[in-house]
Each structure stands twice: as structure tokens, then as C-alpha cells.
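Computed from the coordinates by the stated procedures, all read-outs in this text should not be read as laboratory data. From a predicted model like this one, the values you see are computed outputs, not experimental measurements. Note that each Cβ is placed from the backbone with ideal geometry, even for glycine, and that neighbours are counted across all protein chains shown.
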Amino acid sequence: MNSYNLFLSILPGIVICLYIYFKDKHEKEPFSLLAINFLFGIIPVVFIIKIYSFTDPIFNFSSTNFLISLISCIIGIGLIEEFCKFIFVRFITYYFKDFNEPMDGVVYCVMVSMGFATVENIIHVANSGGDGEAVAMVRMFSAVPAHAICAIIMGYYIGIQKFKKKKGIAVKGLIWASIFHGLYDAFLFSNSVSEELATFLMIILFIVSFEICLRIIEKHLDDSPFKPKYKKNPKHL
């Protein structure tokens, strides 16, 4: 892999991390902890490659029956990858003192997810032969943002569980993230729909999911205990 393709592989993950960092406007997280979570995301890649060697023969991702393909992708790809990211935030970062507002669930999940997505990107681009640049460009606007959407959904529920004391609701985030991930992959792999229809449906999925993610972020920002409480001036009422 040449340095330009490596740059293209790394760029989208870093851009998304910076976007989420600046979105977290009430109480920034320390760079050291953000970096640790990014590195957490790299660790699962090695294990997932091993897991797939056992699970891939069980599932039919490219079935001509879309339902079979969808279920295979949700369980055989989405759940495996999202769970491996979920455990770091839910069982490690969750207990750090800097995890002190609902939005932090989103921030840390995105950091872990971008660590994962960046390494995955590098692997795919490195293994693409002479098509490295094209693969990197396509994934910049598809796979990497998809990982970020899953992370925002998952982080939203982790934040709710910690600060609204809704026991077990973080698992709901894992499930929804796995479903989105599986749906994305089913459009990509299934042989039951044409490439044109799959592309159209994927675009719709991204538009709807992106709007949901923006609302999720704004809701957590609004619920932050660090949000300034402005007093109304009677003269301006």
C-alpha cells in the first residue's frame, strides 16, 4: 500500500472523530482517554478475523432470499462486530470518572468504532491490489460512516443507562446497532436485489439514520448537566 492510499484509509475515521469531539460542546473529554478508546477499537479486529473463520460457513450472506441474507448479516456480521466494540465502552470506559454526561456514551463509542473502522479500512485497501484508491474512496463515504452511525446509536443507549438509571437498556443500543449494521451489509451482499435498487435503498438508509443520529446527539447535549443555564432578562420578554 502506498502512502496516499494509507492516508485515504485513515482520513475518514479521523475526520469523524474530530466531528464528534467538537460536537461535544459542553464538557470535552481528555485526549488521552479518547486515544485509549480509539486503540480499544483496534483490538477486536484480530479476534473478529478468527471468529469469522468459524462463523462464515454457517451463514448465507449472499442468499437470493433477502430475509435469509438479512438475518445472516445481522447475526453473523453486525452482532459480532458491534458486540466487540460494545464491551469496551460498556465494561471499561463506562466506569471512568470522565464519563460524566450522557453525550460521553456517544463520544466514546465513536472513538472505539473509528479505531475499528480505520484498521478494517487499511486491511481492505491493502488487499485490493491496484484498486486501493477506489476502494478507499468508496469506503470513505459508506463503510466508515456506517460504523459511526452504529456507534452513535449504541452510545446513545449506553448514556441513557448510566445517567437515567435504566438498567439493561444499553443492550437495546447493541441490538439496534447490529440491525443497522446487518441491514447495510445485506444491501451490499444479497443477491436478491439489483445493484441499483440496493444502492438506492442504502442511500435512503443513510439519510434516515443520519437524521436520527443528529437528533440523538442534540438530545444528549440538551440533557447534559454541564449545559449553561441562562436566565431570561425580563427586559427582553
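Packing here is the average count of other Cβ atoms within 10 Å per residue, and on that basis the peptides 81-92, 15-26, highest first, run 81-92, 15-26. Note on the chain: helix-only mean residue ellipticity at 222 nm, from DSSP H runs of 4+ residues weighted -39500 (n - 2.57) and normalised by residue number, equals -24000 deg cm²/dmol. So, R0 is 41 Å and r is the distance between the beta-carbons of residue 32 and residue 194; what FRET efficiency does that work out to, to 0.05? With a Förster radius of 41 Å, E is 0.30. Charged side chains reduced to their Cβ positions (Lys and Arg at +1, Asp and Glu at -1) give segment 3-224 a dipole of some 820 debye around its Cα centre.
With neighbours defined as other Cβ atoms within 10 Å of a residue's Cβ, the residues 39, 221 order from fewest to most as 39, 221. 3J(HN,Hα) couplings calculated from phi for segment 193-204 with the Karplus curve 6.51 cos²θ - 1.76 cosθ + 1.60 (θ = phi - 60°) are, in sequence order, 10, 5, 4, 5, 5, 4, 5, 4, 5, 5, 5, 4 Hz; Gly and Pro show x. Derived scalar couplings between HN and Hα for segment 49-55 equal 4, 5, 4, 5, 5, 9, 8 Hz in order, rounded to whole Hz, by the Karplus curve 6.51 cos²θ - 1.76 cosθ + 1.60 (θ = phi - 60°), x for Gly and Pro.
Under 1.5 on a/c is rounded, so check that first for segment 155-231, then, if it is not, pick prolate when a/b is larger than b/c and oblate when it is not; a ≥ b ≥ c are the square roots of the alpha carbon gyration tensor eigenvalues. Since a/c reaches 1.5 but b/c is at least a/b, the shape of segment 155-231 is classed as oblate. Let me know the shape class of the chain, please: from the alpha-carbon gyration tensor, a ≥ b ≥ c as square roots of the eigenvalues, rounded when a/c is under 1.5, otherwise prolate if a/b is greater than b/c, or oblate. Prolate is the answer for the chain, as a/c is 1.5 or above and a/b outweighs b/c.
With the simple spin-label model, which puts each label point 7 Å out from Cα in the Cβ direction, the residue 166 to residue 49 separation comes to 3.8 nm. For residue 63, what residues show an amide H to amide H distance below 5 Å, using hydrogens built from the backbone and excluding near sequence neighbours? Here the answer is 69, 191, since their amide H atoms fall under 5 Å of that of residue 63. Could you pull out the pairs from 28/164; 162/227; 50/97; 50/165; 23/50 whose alpha carbons sit more than 28 Å apart here? Among 28/164; 162/227; 50/97; 50/165; 23/50, the Cα-Cα distance tops 28 Å for 50/97; 50/165; 23/50.
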